1. Tell me, please, whether a residue that is modelled with pLDDT of 90 or more, in a loop (DSSP other than H, G, I, E, B) and touching a helix residue (DSSP H, G or I) at 6+ places or on another chain (Cβ under 7 Å) can be found in region 50-68.
2. Being out of contact with any helix residue (DSSP H, G or I) (no Cβ under 7 Å at 6 or more places or on another chain) and touching a residue at least 24 places away in the same chain (Cβ under 8 Å) is the filter; apply it to region 418-427 and report the residue that is surrounded by the most Cβ atoms within 10 Å (Cβ to Cβ).
3. Looking only at region 203-218, decide whether some residue is assigned to a helix (DSSP H, G or I) and either buried (at least 24 other Cβ atoms within 10 Å of the Cβ) or under 16 Å from the mean Cα position of the chain (by Cα) (or both).
4. Determine whether residue 12 is over 30 Å from residue 174 (Cα atoms), in contact with a helix residue (DSSP H, G or I) (Cβ under 7 Å, 6 or more places away or on another chain) and in a helix (DSSP H, G or I).
5. Could you check residue 141 against (1) farther than 21 Å from residue 272 by Cα; (2) out of contact with any helix residue (DSSP H, G or I) (no Cβ under 6 Å at 6 or more places or on another chain); (3) modelled with pLDDT under 95 and say which number it fails?
6. Working only within region 424-443, note down all residues that are outside any helix (DSSP H, G or I) and at pLDDT below 85.
7. So which of 572, 499 ends up being assigned to a loop (DSSP other than H, G, I, E, B), more than 33 Å from the chain's Cα centre (by Cα) and at pLDDT below 90?
């Protein structure tokens, strides 16, 4: 046992007392999404109007608290008043006066700003009663949206740094690793490798210089799970890093953050500075012999830098390109020293596991995938946002319960999971448990947690082309299979969506996909073909329709659109001909017009301008 010079329980009592002094707390989401929607102006208005509020019931004071992401991005700006169990959605600065006058002064909630359930059409006042929140189990995201992300005291008030204090008191690094092993935590960055095992491998090299690296290079299109943790609860991440460093014997750590995440970088820098000033980080942490210096490294703007060896090269000042493995980072990593690399969500789970125990964490999830997983729910779903659910939750529960179903009453078609590295899930997969093993069997992967929901009017071939275009652009070019393979796969997909595909292209596309998957050096190349392979498997008929019938079933691909004039409705007014930028419409005044399909560029200017609704699409 080690004696510490900081009593964490006493620090908690002081911090909780300070929070109590805030009186009535109004939590305003200041995640990146809500800030883009004007949350800072909402706060400014609250502060102007709340300065002279005198009727606050049992509360002597009103405090406006800028928080991290609340998760319910579709409904931003979000404002929550926890003491009155009220959540307001889509709040604008001009709504603030009514909230102050009606609710804060008068005790009467503003009904028009409450969430409307899309299934029942009923207003819901409590956030915990909104399906989006009610169906979740938050662990990594537990504090996001509930505390001031830039306040160390508010983090301490919700048990921040308590797990680290306990670990330092016990002074038993191997016991920490055993707890993580027993919890069943697996890497949340996409690979799903057992976290405790990775810690054990790295700790085997204790005694010399070693590092912890936190991978916050979240490059998947539509993914923002790690960003929300870094913005909304940075001290939890720092505590997780510190516990990992203590366990493996490291005294230096790097957080590699996308340069496109300026708010996360700003809040992490402040959190590190505040924690060092209070001796929760830095030299002789809490009076122990444990030292830890944490650096922020802004990413190089390359998707491939999410791969661990490319990431380390970037930190070292080299071009971000993967290296062959072995040697693995646990033996020879950053600057040639043993290195533990975990992503943000993985490390954010560590303090909670150390506080609540391995058995508690392992009680959630499935037999081989323990705990919870965050997902960024985007696309054609009513409730887009950031969610956290137990591993094994079905896709149906996520899309139709938490997500509120498909927008506009459209039919569900598919979900792209795991971003460019993932695969496509269809209607037949709605009831499979979402965990590492079941998704792999289905030809997909958990990945970092991006979920893009697609409706019936989504073109699957165009989706495959989009992701292939992304991975081809992001390929570092080091190995031939990825560099040339993705380029040629993209050319074939572009040919198909342009209406020039041939049936032989499908065999070549699949052959290339397998070659790229088997021959690429790193994870980017090995997983780049996944969207193509999974869509070929489940939606081959759409590819065939594009090639044989020269039709896009979803009506998305421009090259296959055919704009025609209905001769029964055409009045020969010539307005369409005057609108057409390429002179594709032929016909004399007061005669039925026709569209020259060879000239038509499908811009739809004529369709939108016809006063008689005589022009349509086939």
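1. yes
2. Filtering first and then ranking leaves 419.
3. Taking every residue of region 203-218 in turn, none turns out to be assigned to a helix (DSSP H, G or I) and either buried (at least 24 other Cβ atoms within 10 Å of the Cβ) or under 16 Å from the mean Cα position of the chain (by Cα) (or both).
4. Numbers: over 30 Å from residue 174 (Cα atoms): no; in contact with a helix residue (DSSP H, G or I) (Cβ under 7 Å, 6 or more places away or on another chain): yes; in a helix (DSSP H, G or I): yes.
Taking the combined requirement at face value, the residue does not satisfy it.
5. Every listed condition holds for residue 141 apart from (1).
6. Answer for region 424-443, where residues must be outside any helix (DSSP H, G or I) and at pLDDT below 85: 442, 443.
7. Going through 572, 499 in turn, just one is assigned to a loop (DSSP other than H, G, I, E, B), more than 33 Å from the chain's Cα centre (by Cα) and at pLDDT below 90: 499.
Yes/no per residue for (1) free of Cβ contacts under 8 Å to residues at least 40 places away in the same chain; (2) over 30 Å from the mean Cα position of the chain (by Cα); (3) crowded, with 16+ Cβ neighbours inside 10 Å:
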{"position": "2", "(1), (2), (3)": "no, yes, no"}
{"position": "12", "(1), (2), (3)": "no, yes, yes"}
{"position": "20", "(1), (2), (3)": "yes, yes, no"}
{"position": "33", "(1), (2), (3)": "no, no, yes"}
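The values are calculated or read from the model by the stated rules, or taken from the named source; none is laboratory data. Given the structure is predicted, the values throughout are model-derived calculations rather than measurements. Glycine also receives a Cβ, built like all others from the backbone with ideal geometry; neighbour counts cover every protein chain displayed.
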